[in-house]
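A short reminder: the numbers here are calculations on the coordinates, not readings from a lab. Source: prediction; values computed, not measured. Cβ placement follows ideal geometry from the backbone for every residue including glycine, while neighbour counts extend to all protein chains displayed.
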Amino acid sequence: MAEVDLQTVRARVGVHFDKGGSVRDQALFASLCLALPYAHEGRVTKIDVVVSGDEITVTDNGPGVSLGNAPGTDIPLAQKMMCEVGACGEHKVDRAHSKLLCGISLAEVNAISNSASFVTMIDGVAYAQKYSIGVPTAAFKKVDRSSPGTRLRFSLDKRWAGRKGFDIVAVENQMRRLGLELGACDITFSQS
C-alpha cells in the first residue's frame, strides 16, 4: 500500500471517511479495530467504549500490542498502526478481520484528532505513547497502569470530525452486523 501522509487525510476527509455516515461514528467504529478481533478469538473478555464530548476512549483487557518493530522498519508496530494509513489492517493475523474492520484505519482517526494516546500492557508492564495531530510526541515509555490490555484515546478535532455528536446505537448496530462471534465478551458503550 502506498503511504498516505496524514496531512492529506485531513485535507481530504471526505475521501477517507465515507460520505454516507458521520465522520465521528466512523472514527468510533474504527477505534474498535484492535479489540474486536481479540474478542472474536476469545482473548478479550471486556471492552469499554466511552465517548465524552469530542473524545473516544476504547479499553480492552486483551494481550496488548507488540512494541517490537514492524517488519522491515525500526518503528514499533503499535506506533506504525497509529501513524501509517492501513497499517492496522496489514498487521491483522486474520485477513477477514482486516476487510471487516479496517475500512478506516487508526492512523486516519489519529489524523483527525487534536491529540491521541495509545497505552498497552506487555508482560505486566504498561507503555504509553502520545500523539499531536497524528504525530508521536515521544517514544513509548513505561507508565503506571494495573489493568492488562490496550487503551486508545482520540480527541477529535471539530474541523475534520464535524460538530455533530456520536450515534452510539448506530455504531453498536454496525458492530453486530459484522458477524463476529463476540458472545464471551462484555462490551459496554457509554456516553457522557
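Structure notes:
- Per-residue extension of 0.36 nm, minus the Cα-Cα distance of THR8 and LYS141, leaves a gain of 45.0 nm for this segment.
- Between ALA35, ALA70, ALA78, the GNM of the chain built on Cα springs shorter than 10 angstrom shows ALA70 fluctuating the most.
- The aspartates and glutamates within cross-link reach of LYS142, meaning a Cα-to-Cα straight distance under 18 Å and a gap of 8 or more places when in the same chain, are ASP123.
- Remark: relative contact order (the chain) = 29 percent; criterion is Cα-Cα distance under 8 angstrom and separation of 6 or more residues.
- Residue order, fewest to most beta carbons within 10 Å, for GLU181, GLU84: GLU181, GLU84
- Least to most buried among THR188, THR57, THR8 (fewest other Cβ within 10 Å first): THR188, THR8, THR57
- Candidate cross-link partners of LYS130 among the aspartates and glutamates, defined by an alpha-carbon separation under 19 Å and a same-chain spacing of 8 or more, comprise ASP5, ASP54, GLU55, ASP60, ASP74, GLU84, GLU108, ASP144, ASP157.
- The Cβ shell under 14 Å around GLY68 holds other residues with a net charge of -1, Lys and Arg each +1, Asp and Glu each -1.
- Note on GLN174 and ASN69: the extension gain reaches 34.6 nm, defined as 0.36 nm multiplied by sequence separation minus the Cα-Cα distance.
- Distance (nanometres) between label positions extended 7 Å along Cα→Cβ at LYS130 and LYS164: 3.2 nm
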